[in-house]
Amino acid sequence: MEPLLSVENLEKRYERGGFFRAGNRVIALTRVSFLIYPKTTLALVGQSGSGKSTLALCIACLESPTSGSIHFEGKEITGLKEKQLRSVRPQIQLVFQDPASSLNPRLTVLDIVTEPLNVHCRLNKRERRERARELLDLVGISQEKAMRRPEELSGGQKQRLAIARALAPKPKLLILDEALSALDCSIQAQVANLLLELQASLGLTYLFITHDFRMAAHLADEIAVMEHGQIVELGKAERVFHSPTRVITRQMVNACMGISETPRPSEVS
């Protein structure tokens with residue numbers, strides 16, 4: 001099976017500075033490489049500032065990498081011009097941590113899901129509304145809430161709405177950037193199970209970005225651990241969670257399990 005997404009030696013550097021002072025280079029990503037196969041989930045786990053969100057933006061074609069390559073369905077998408085990216089972006093959709101900040105408060109729930117269909121879909125107006133209602137039903141939002149505003153929804157319902165909107169263009173890859181971290185534990189579990197159901201029924205592929213190792217192990221086929229802009233450990237989810245080889249990985253696993261540990265000097269960092 002060919003990978004849906006292939007990232008090879010990706011680097012991202014930011015130049016900071018001004019006319020009156022020397023530039024300051026910030027390295028966000030260094031030699032990042034991995035594959036994601038169709039209908040599977042790769043969890044990208046790391047602490048704040050490790051480069052996870054920068055990587056997500058590069059894959060979604062919202063940031064341009066400094067070097068390296070990204071192939072989607074066998075075609076390189078790095079360096080494409082804006083006109084060429086219009087056919088790629090609908091296939092790679094992002095769901096963010098805080099759905100409220102990305103949901104237009106002036107639109108109804110139904111209009112929010114219909115909006116991307118207006119841009120990317122050739123259906124007529126009635127068909128677009130029907131498709132939007134189907135998507136709401138798919139993510140568990142009742143039709144009686146279709147004409148409400150986002151502010152009238154709970155946090156879990158807002159995230160379900162964000163997922164429905166992301167599904168509207170029929171993407172092949174869904175990037176979930178800390179999409180569960182702002183939710184209560186019980187709601188997290190409900191939305192996580194919804195993601196598994198959607199993957200099974202729609203054949204979706206996920207890049208699941210999180211700092212929660214337990215949720216990564218629950219959802220993912222493979223886990224990649226990031227530190228200082230690099231992937232320091234990558235493997236099957238069960239192996240990485242239960243038998244980590246890097247100190248940073250074990251520290252994160254222990255932290256999510258409530259276990260404190262002092263690393264031994266002889267261990268690999």
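The values are calculated or read from the model by the stated rules, or taken from the named source; none is laboratory data. Being a predicted model, the structure only gives us computed values, none of them experimental. As a convention, Cβ positions derive from the backbone with ideal geometry for all residues, glycine included, and neighbour counts pool all protein chains shown.
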* To do: Give just the number: which of (1) over 22 Å from Lys170 (Cβ atoms); (2) part of a loop (DSSP other than H, G, I, E, B); (3) out of contact with any helix residue (DSSP H, G or I) (no Cβ under 9 Å at 6 or more places or on another chain) does Ser69 not satisfy?
  => (2)
* To do: Specify which of the listed residues (Glu82, Glu115) is out of contact with any helix residue (DSSP H, G or I) (no Cβ under 6 Å at 6 or more places or on another chain), of a type in the set (D, E, K, R) and touching a residue at least 40 places away in the same chain (Cβ under 8 Å).
  => Glu115
* Scan of the stretch 113-140 for residues that are in a loop (DSSP other than H, G, I, E, B), at pLDDT 90 or above and hydrophobic (A, V, I, L, M, F, W, C), ordered by number -> Val139
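Residue by residue, here is whether (1) surrounded by 19 or more Cβ atoms within 10 Å (Cβ to Cβ); (2) modelled with pLDDT under 95 holds:
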residue	(1), (2)
Ser142	no, yes
Leu153	yes, yes
Leu180	yes, yes
Leu198	no, no
Leu207	yes, no
Ile231	yes, no
* Asked: Residue check, Tyr14 against (1) under 30 Å from Gly155 (Cα atoms); (2) among the hydroxyl-bearing types (Ser, Thr, Tyr); (3) part of a strand (DSSP E or B), all met but one. Which one?
  -> (1)
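Residue-wise test of (1) part of a strand (DSSP E or B); (2) farther than 18 Å from Thr205 by Cβ.
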| residue | (1), (2) |
| --- | --- |
| Thr30 | yes, yes |
| Ala43 | yes, no |
| Leu55 | no, no |
| Leu62 | no, yes |
* Hey, among the residues in the stretch 164-197 that are touching a strand residue (DSSP E or B) at 6+ places or on another chain (Cβ under 8 Å) and part of a loop (DSSP other than H, G, I, E, B), which one's nearest to Thr114 (Cα to Cα)? -> Pro169
* **Those residues of the stretch 233-243 which are buried (at least 16 other Cβ atoms within 10 Å of the Cβ) and in a strand (DSSP E or B), in sequence order** => Glu233, Leu234, Gly235
